[in-house]
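Notes follow the structure.
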Amino acid sequence: MDLKERRQMNTVKRHPWEMSRAQVIADLLKLNPEREYRILDIGCGDLFLEEYLLERYALLQFYCVDIAYSEEEVTVLNQKNKRIRVYNNFADVADEVRQMDIVLLLDVVEHIERERDFLEELISRPFFTKQTEILMTVPAFQCLYTSHDHFLGHYRRYSLKEIRRLVQQADLKLLTSGYFYMSLLIPRMLKKGKENLVGKGRDTTGLVEWKGGAGWTSFLKKVLTFDYRTGKFFKAMGLSLPGLSTYVLCRKKSVS
């Protein structure tokens, strides 16, 4: 969860989208439970994903960066789990770690005005080697840009073609890509249509507002996970279904 959203909540009540997406990320990464990985998560939010993955892969070492963390929060969080190191300054982690196995940019680059420059600077770092993989997720389709995006500070949304082009421009080698969460397209289309007719609503998001009970939350999480697996099945058959989110997995083409 984005820290901007988290701070609007008195207690954490996980949205089924957030819970299902953690499963999606785990599936895309295809981690070996017997191997150690050093993982850099830029724009990590409230560390829900890290905690989820560590429950399943005990040998992971996370380096988590989010500029929204205060110094006090960084100090407190770094005392909780030695396998999750937290920073509010990218330079600090870049100086500390020699090599990363995986870099996560999960719903991050849409927040960055000059995203190509950001990616080029990132992969120029010594810790980013030819073996380092980078997983990016972004919101899909600029035509579905709404007040939700504006509230979160998004500059844009991406089609699969557009995010692939960004990967190519940043001199990254594409390993795999696709969409997920086709079932969320219709609700977003309806929201966009409503905003076009009556104007923007309140500056908030569904993650902040979620009030579903445990049973309803579990059901919707299963629906979203089934949605992802359905898209994965058709992708294996050579058919790419659209979805509300886009992902790319890539690595560096060459070492400078």
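Bear in mind that the values in this text are calculations on the coordinates, not laboratory data. Model, not experiment: these values are computed from the prediction. Cβ: placed from backbone, ideal geometry, glycine included. Neighbour counts: every protein chain shown.
By the Cβ distance rule (another cysteine Cβ under 4.7 Å), the unpaired cysteines of the chain are C143, C250.
Take the Cα of K253, step 7 Å toward its Cβ, do the same at K82, and the gap between the two points is 4.2 nm. Normalising the Debye intensity of the chain to I(0), with uniform scatterers on Cα atoms only, and taking log10 at q = 0.09, 0.17 Å⁻¹ returns -0.40, -1.60.
Highest-first packing order for the peptide set 37-49, 124-136, 90-102 is 37-49, 124-136, 90-102, based on the mean count of other beta carbon atoms within 10 Å.
With runs of 4+ DSSP H residues as the only contributors, calculate the mean residue ellipticity of the chain at 222 nm using -39,500 (n - 2.57) per run, divided by the residue total and rounded to the nearest 500.
Values: 11 runs with 107 residues, N = 256.
Value at 222 nm, helices only: -12000 deg cm²/dmol.
Summarising the label geometry, the points placed 7 Å from Cα in the beta-carbon direction at R156 and I186 lie 3.1 nm from one another.
Fully extended, how many nm does the chain gain between K232 and K30 (0.36 nm per residue separation, minus their Cα-Cα distance)?
Gain in length upon complete extension: 71.3 nm.
Near K192, which lysines are there with a Cα under 30 Å away, not counting those fewer than 8 places off in the same chain? Once the sequence-local lysines are set aside, what remains near K192 is K4, K13, K161, K200, K211, K221, K222, K232, K235.
Using a cutoff of 8 angstrom between alpha carbon atoms and counting only pairs six or more residues apart, the relative contact order for the chain works out to 24 percent.
Contour minus end-to-end for R165 and V198, with contour as 0.36 nm per residue of separation and end-to-end as the Cα-Cα distance?
Numbers: separation 33, 0.36 × 33 = 11.88 nm, distance 3.47 nm.
Taking 0.36 nm per residue and subtracting the Cα distance, the gain is 8.4 nm.
Once fully extended, how much extra length lies between T176 and E55, figured as 0.36 nm per residue of separation less the alpha-carbon to alpha-carbon distance? Show your work: numbers first, answer last.
Numbers: separation 121, 0.36 × 121 = 43.56 nm, distance 2.59 nm.
Between T176 and E55, full extension yields an extra 41.0 nm.
Computed from the Cβ-Cβ distance with R0 of 35 Å, the FRET efficiency linking T75 to K211 stands at 0.60.
Once a ≥ b ≥ c are taken as the square roots of the eigenvalues of the Cα gyration tensor of the stretch 38-140, is the result rounded (a/c under 1.5), prolate (a/b larger than b/c) or oblate (a/b not larger than b/c)? Could the numbers behind the result be given before it?
Working: a/c = 1.40, a/b = 1.29, b/c = 1.09.
Rounded.
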